[in-house]
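J.: One structure, pasted below without further comment.
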Amino acid sequence: QVQLAESGGGLVRPGGSLRLSCAASESLFRLTVMGWYRQAPGKQRELVATIVPFGTTTYADSVKGRFTISRDNAKNTVYLQMNSLKHEDTAVYYCNAGQQSKSYWGQGTQVTVSS
């Protein structure tokens, strides 16, 4: 059972930045993929970004050039640096870990972009 703990959400003005963190209960090298998802009110959960053990990343088109996913293997932690935030980035952000056929989720952290 992999446990994930997110932190770093909050209220930010449009154009601002936030960094989310996701601490995993075991080594990131034991996880096939790590990712960030988000879910806005009334919408389906959507993929934001993923990263695999050797560092290859993918991004949703809506966040390319603004968000960066990274990992600190020594701390078993994955980050999501969010810059140039927009109103439409408001959502609950969830960390996800894939391990073989299983998928694990964090509890989510709220990001609100508002002036």
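J.: Go through (1) in contact (Cβ under 8 Å) with a residue 60 or more places away in the chain; (2) open to solvent by 50 Å² or more (accessible area, probe 1.4 Å); (3) not in a strand (DSSP E or B) one by one and return the number of the condition R19 breaks.
T.: It is condition (3) that R19 fails.
J.: Filter the stretch 1-16 down to the residues that are in a loop (DSSP other than H, G, I, E, B) and out of contact with any Phe, Trp or Tyr (no Cβ under 9 Å at 6 or more places or on another chain), then identify the one that is nearest to N76 (Cα to Cα). Walk me through it before giving the result.
T.: Here is the first cut: in the stretch 1-16, the ones in a loop (DSSP other than H, G, I, E, B) are 1-3, 8-9, 13-16.
Within this subset, residues satisfying the condition of being out of contact with any Phe, Trp or Tyr (no Cβ under 9 Å at 6 or more places or on another chain) are 13-16.
Numbers: R13: 30, P14: 30, G15: 29, G16: 27 Å.
Residue satisfying both the conditions and the ranking: G16.
J.: Turning to a different aspect of this structure: Taking the conditions exactly as written (part of a helix (DSSP H, G or I) and over 15 Å from G9 (Cβ atoms)), does E26 satisfy them or not? Please lay out each step first, then the result.
T.: On the way: part of a helix (DSSP H, G or I): no; over 15 Å from G9 (Cβ atoms): yes.
The answer is no for E26.
J.: Might you check whether a residue that is aliphatic (A, V, I, L, M), open to solvent by 20 Å² or more (accessible area, probe 1.4 Å) and not in a strand (DSSP E or B) occurs anywhere in the stretch 42-52?
T.: Checked the stretch 42-52: at least one residue is aliphatic (A, V, I, L, M), open to solvent by 20 Å² or more (accessible area, probe 1.4 Å) and not in a strand (DSSP E or B).
Yes/no matrix, rows are residues, columns are (1) at pLDDT 95 or above; (2) touching a Cys at 6+ places or on another chain (Cβ under 8 Å); (3) among the β-branched types (V, I, T):
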site	(1), (2), (3)
R13	yes, no, no
A49	yes, no, no
T57	yes, no, yes
A60	yes, no, no
G65	yes, no, no
N73	no, no, no
N83	yes, no, no
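J.: When you check L28 against the structure, is it hydrophobic (A, V, I, L, M, F, W, C) and in contact with a helix residue (DSSP H, G or I) (Cβ under 6 Å, 6 or more places away or on another chain), yes or no?
T.: Answer is yes for this residue.
J.: Shifting gears a bit: Quick one: in the stretch 58-73, of everything that is of a type outside the set (D, E, K, R) and in contact with a Ser or Thr (Cβ under 7 Å, 6 or more places away or on another chain), which residue is nearest to A23 (Cα to Cα)?
T.: At the first step, the residues of the stretch 58-73 found to be of a type outside the set (D, E, K, R) are 58-60, 62-63, 65, 67-70, 73.
Filter again for in contact with a Ser or Thr (Cβ under 7 Å, 6 or more places away or on another chain), leaving 58, 69.
Details: T58: 20, I69: 14 Å.
Selected residue: I69.
J.: Pull up the stretch 22-41, narrow it to residues that are aromatic (F, W, Y) and under 10 Å from the mean Cα position of the chain (by Cα), then point me to the one that is surrounded by the fewest Cβ atoms within 10 Å (Cβ to Cβ).
T.: Here is the first cut: in the stretch 22-41, the residues aromatic (F, W, Y) are 29, 36-37.
If we keep only those that are under 10 Å from the mean Cα position of the chain (by Cα) too, we end up with 36-37.
On the way: W36: 26, Y37: 21.
Going through the qualifying residues, I end up with Y37.
J.: If you go through the stretch 60-115, how many residues are of a type outside the set (S, T, N, Q), assigned to a strand (DSSP E or B) and either open to solvent by 60 Å² or more (accessible area, probe 1.4 Å) or touching a residue at least 12 places away in the same chain (Cβ under 8 Å) (or both)?
T.: 19
J.: If a residue must be under 15 Å from Y94 (Cβ atoms) and open to solvent by less than 40 Å² (accessible area, probe 1.4 Å), how many such residues does the stretch 1-16 contain? Don't jump to the end; show me each part of the working.
T.: Going residue by residue through the stretch 1-16, those that are under 15 Å from Y94 (Cβ atoms) are 2-9.
Now narrow it down to the ones that are open to solvent by less than 40 Å² (accessible area, probe 1.4 Å): 2, 4, 6, 8-9.
Here the count works out to 5.
The values are calculated or read from the model by the stated rules, or taken from the named source; none is laboratory data. None of the values given here were measured: they were computed from a predicted structure. Note: ideal-geometry Cβ built from the backbone for every residue, glycine included; neighbour counts use all protein chains shown. Accessible surface is based on the protein model in full, side chains and every heavy atom, while ligands, DNA and RNA are left aside. Shrake-Rupley method; radii C 1.70, N 1.55, O 1.52, S 1.80 Å.
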